[in-house]
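Quick notes on the structure that follows.
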Amino acid sequence: MSDVRVRFAPSPTGVLHLGGARTALFNYLFARHNRGKFLLRIEDTDKERSTDESTQAIISAMNWMGMHHDEDIVVQTTRIDAHRAALHKLIDNGHVYRCTCRPEERAAEREAALAAGKTFIHRCDCRDGQCRPDAPFVWRFRMPREGETVFDDLVQGHIVTANAEIEDLVIARQDGSPLYNFVVVIDDAFMGITHVIRGKDHLTNTPKQIQIYRALGLPVPQFAHLPLILGLSKRLRSAGVEHYRDQGYLPEGLINYISRLGWSHGDQEIFDYEEIIEKFDLASVNRSEGALDLQKMEWVNQQHIQKCDGARLAELVLPFLSREGVAVAPDDPRLRPAVETMRARAKTLVEMAQNMKFYFIADEGLPLDGDAVAKFFTDTTCPLLHQMADVLTAVGEWKEEAISAAVHGFIESTGLKLKDVAQPARTALVGRAAGPGLYETMAVLGRESTLARLRRAAPGLC
């Protein structure tokens, strides 16, 4: 066991979206690759927006993706006494001061800076003791004005920030309740975090947090700031992991895809979970942003559907069949064979369920596509289907090979070609002109349903 300790620290104010899931995944992969610890912290200090339902939804999504945390969950609001103790330590050693500046004053400064084409940095007179007595205040951290804050980011490289460019940040409210850049330092130190792996949007926070670590005499972890994900529209940003689960993605398909949004291992595209863990390295994470491509995500998921164990795939598709209004027992003998006819054709479990439900619908209730019926159920073809049903009655063992031999024998005896009966037969069996192979469809349907559906065919039916 190594000393690597990383954490994922979501705010329970919504769902676990793809960006958060990718951050959690990279932390998890790094921990498992290095035989370290993957920890979970719930940052619930936003009391108005944080909910227990969001917390449970985030944990459920992580569990579905196989990202099980080590050790007990740390809930930020349970550590308020520790946060306030750290604040008092900074007050006592002169690293923070009261600030009574009014929001409208800051707004005026910002507008003036923007008008002059300058970067806005609030220079607070309260730092020198010129605050208003008895006025409402916040606690500001006293940043150094000279020198530079330097760190080596494990993804972004050597980062240098002039301290003069960092304003004194607010770290706590008047009542001592802490704000993000302060509390995250205290909790990461408490949890013994060795590596902070997070999105690049936090990069500007890191110099500020490093100065707080130093002021408190705490060890500074290593940082790795991940590239952002481009192409996340407002709708996609609000779509959580459960959205993709409900759309029929396998967890390994989603994991494989989002792992490749910023990380690569040569030209390889498809990875098993254990293979990603084995090969994952922060040195192979790109600095540049990755773009979300839903078509590529579907393709990756399709590859994992094709690789999935048949028994597991059959179990996974059952709730999606139920959503289609088709009740199928887990031990239905047609289930596994039906799945096998569809795994190469389906990008998602939703698509698989929609395309295979015809196997489990009562023969007389099978919906028929009107265009296919009009095109293929004619005065010529329907009698042929009835004749083919009579021939298939004599098939001994109802297997794909025997069915194929019987159909080919019927075609040869009538001087027809397969194309003369294939599409009409598929329409009768499946309900539409597209579907799996004719003989495998018959084999899965069984003798009784196959004959009943072929004999049902009639011009103008439906």
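The values are calculated or read from the model by the stated rules, or taken from the named source; none is laboratory data. Remember, predicted model here, so these are calculated numbers, not experimental data. Cβ sites come from the backbone with ideal geometry, for glycine too, and all protein chains shown count toward neighbours.
Just checking, which of Ala85, Ala31 is assigned by TED's automatic domain parsing to the domain that holds Gly217 and modelled with pLDDT of 95 or more? Spell out the reasoning first.
Working: Ala31 fails: assigned by TED's automatic domain parsing to the domain that holds Gly217.
Result of the check over Ala85, Ala31: Ala85.
May I ask you to say which residue of Leu294, Leu313, Leu282, Leu318 is in contact with a Pro (Cβ under 9 Å, 6 or more places away or on another chain) and not assigned by TED's automatic domain parsing to the domain that holds Val196? Step through it out loud before you land on a result.
Numbers: Leu294 fails: in contact with a Pro (Cβ under 9 Å, 6 or more places away or on another chain); Leu313 fails: in contact with a Pro (Cβ under 9 Å, 6 or more places away or on another chain); Leu282 fails: in contact with a Pro (Cβ under 9 Å, 6 or more places away or on another chain).
It is Leu318.
Of all residues in the range 417-433, which are of a type in the set (S, T, N, Q) and surrounded by 23 or more Cβ atoms within 10 Å (Cβ to Cβ)?
If we filter the range 417-433 for residues that are of a type in the set (S, T, N, Q), which is where we start, we get 423, 427.
Within the range 417-433, Thr427 is the sole residue that qualifies.
Looking at the range 373-388, which of the residues that are surrounded by fewer than 20 Cβ atoms within 10 Å (Cβ to Cβ) and under 48 Å from the mean Cα position of the chain (by Cα) is nearest to Ser413 (Cα to Cα)?
Filtering first and then ranking leaves Lys375.
Could you please tell me which pairs satisfy a Cβ distance under 7 Å, a separation of 6+ or placement on different chains, a first residue in the range 265-276 that is assigned to a helix (DSSP H, G or I), and a second residue that is exposed (fewer than 13 other Cβ atoms within 10 Å of the Cβ)?
From the range 265-276, the pairs are Tyr273/Gly66.
Out of the residues in the range 1-41 that are out of contact with any Lys or Arg (no Cβ under 7 Å at 6 or more places or on another chain), in a helix (DSSP H, G or I) and small (Gly, Ala, Ser), which is surrounded by the most Cβ atoms within 10 Å (Cβ to Cβ)?
Ala24
Show the residue pairs that are 6+ apart or on different chains and have beta-carbon atoms under 7 Å apart, the first residue being within the range 279-290 and closer than 14 Å to Ala31 by Cα, the second being in a loop (DSSP other than H, G, I, E, B).
Note: pairs meeting the criteria are Lys279/His265; Leu282/Leu154; Leu282/Val155.
Just a yes or no: is a residue in the range 91-112 β-branched (Val, Ile, Thr), in a helix (DSSP H, G or I), within 25 Å of Ile42 (Cβ to Cβ) and in contact (Cβ under 8 Å) with a residue 12 or more places away in the chain?
Going through the range 91-112, the residues β-branched (Val, Ile, Thr) turn out to be 91, 96, 100.
Subsequent filtering for residues that are in a helix (DSSP H, G or I) retains 91.
Still in the running and within 25 Å of Ile42 (Cβ to Cβ): none.
No, because not a single residue in the range 91-112 is β-branched (Val, Ile, Thr), in a helix (DSSP H, G or I), within 25 Å of Ile42 (Cβ to Cβ) and in contact (Cβ under 8 Å) with a residue 12 or more places away in the chain.
Evaluate the range 72-82: report whether one residue or more is modelled with pLDDT of 95 or more, among the small types (Gly, Ala, Ser) and more than 23 Å from the chain's Cα centre (by Cα).
Yes, some residue in the range 72-82 is modelled with pLDDT of 95 or more, among the small types (Gly, Ala, Ser) and more than 23 Å from the chain's Cα centre (by Cα).
Tally up the residues in the range 434-462 that are small (Gly, Ala, Ser), in contact with a Ser or Thr (Cβ under 9 Å, 6 or more places away or on another chain) and surrounded by fewer than 15 Cβ atoms within 10 Å (Cβ to Cβ), please. Please lay out each step first, then the result.
Residues of the range 434-462 small (Gly, Ala, Ser): 434-435, 437, 443, 446, 449, 452, 457-458, 460.
Those left that are additionally in contact with a Ser or Thr (Cβ under 9 Å, 6 or more places away or on another chain): 435, 437, 443, 457.
Next, from what is left, pick out any that are surrounded by fewer than 15 Cβ atoms within 10 Å (Cβ to Cβ): 437.
Matching residues across the range 434-462 total 1.
Can you name the residue in the range 34-59 that is in contact with a helix residue (DSSP H, G or I) (Cβ under 6 Å, 6 or more places away or on another chain) and β-branched (Val, Ile, Thr) and, of all such residues, is modelled with the lowest pLDDT?
Going through the qualifying residues, I end up with Thr45.
In the range 62-81, how many are farther than 18 Å from Asp52 by Cα, charged (D, E, K, R) and out of contact with any Leu (no Cβ under 7 Å at 6 or more places or on another chain)?
1
Consider only pairs whose beta carbons are under 9 Å apart and that are at least six residues apart or on different chains; among these, list those whose first residue lies in the range 335-348 and is more than 13 Å from His304 (Cα to Cα) and modelled with pLDDT of 95 or more and whose second residue is in a helix (DSSP H, G or I) and aromatic (Phe, Trp, Tyr).
Leu335/Tyr359; Leu335/Phe360; Pro337/Tyr359; Ala338/Tyr359; Ala338/Phe360; Thr341/Tyr359
Would you say Lys118 is of a type in the set (Lys, Arg) and either touching a residue at least 60 places away in the same chain (Cβ under 8 Å) or surrounded by 16 or more Cβ atoms within 10 Å (Cβ to Cβ) (or both)? Spell out the reasoning first.
Numbers: of a type in the set (Lys, Arg): yes; either touching a residue at least 60 places away in the same chain (Cβ under 8 Å) or surrounded by 16 or more Cβ atoms within 10 Å (Cβ to Cβ) (or both): no.
Against the criterion (of a type in the set (Lys, Arg) and either touching a residue at least 60 places away in the same chain (Cβ under 8 Å) or surrounded by 16 or more Cβ atoms within 10 Å (Cβ to Cβ) (or both)), Lys118 does not qualify.
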